[in-house]
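The values are calculated or read from the model by the stated rules, or taken from the named source; none is laboratory data. Nothing here was measured: the structure is a model prediction, and the numbers come from that model. Counting neighbours? That spans all protein chains shown, and the Cβs are built from the backbone with ideal geometry, glycine included. For accessibility, only protein heavy atoms count, side chains too; no ligands or nucleic acids. Shrake-Rupley method; radii C 1.70, N 1.55, O 1.52, S 1.80 Å.
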Amino acid sequence: MESLILSSHEDYTRLFDALSHPMRIKVVGVLSEKRRYVSELAKIMNMSRPLLYMHLKKLEEAAIVTWSYEISETGKSMKYYEIKDFDIHLTPELLTELSKMIPIL
């Protein structure tokens, strides 16, 4: 499993933005159990595939999820999503360090 690497305040901003919606937190929770193909994930989440793709795109931009295509036994192309491994400790010290990287406008 690929690991999430956060090295800039922009990385953290994308992460915080991606996790600011409850449905995206739910997607991460479901994918933490195991990788899933899009149709299966849409059924579990009880949402349309276009709406699910919108949420997955936000998670991709934050580098929280990754995807790959696989061919099923019937020859159908299936897009699988999985989460990247991460362990983030949000502390005042971390936010202080990140704040030092952000230019004052």
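With coordinates expressed along the principal axes, the C-alpha atoms belonging to the chain extend over 54, 25, 24 Å, beginning with the largest.
A 1.4 Å probe over all protein chains sorts HIS9, HIS21, HIS55 by accessible area into HIS21, HIS9, HIS55, starting with the largest.
Distance between the C-alpha centres of region 1-52 and region 54-71: 7 Å, rounded to the whole angstrom. Largest GNM mean-square fluctuation among LEU94, LEU51, LEU59, using the chain with Cα springs under 10 Å: LEU94. Ranking of TYR37, TYR80 by solvent-accessible surface, largest first: TYR37, TYR80 (1.4 Å probe, protein heavy atoms only, all chains present). Report in % the part of the accessible area of the chain that belongs to carbon and sulfur, leaving out ligands and nucleic acids; probe 1.4 Å. Carbon plus sulfur share of accessible area: 56 percent.
At a probe radius of 1.4 angstrom, the accessible area of region 9-88 per residue rounds to 60 square angstrom.
Take the Cα of HIS21, step 7 Å toward its Cβ, do the same at GLU82, and the gap between the two points is 2.5 nm. Helix-only arithmetic for the chain: the sum of -39500 (n - 2.57) across DSSP H runs with n ≥ 4, divided by the residue total, places the mean residue ellipticity at 222 nm at -15000 deg cm²/dmol.
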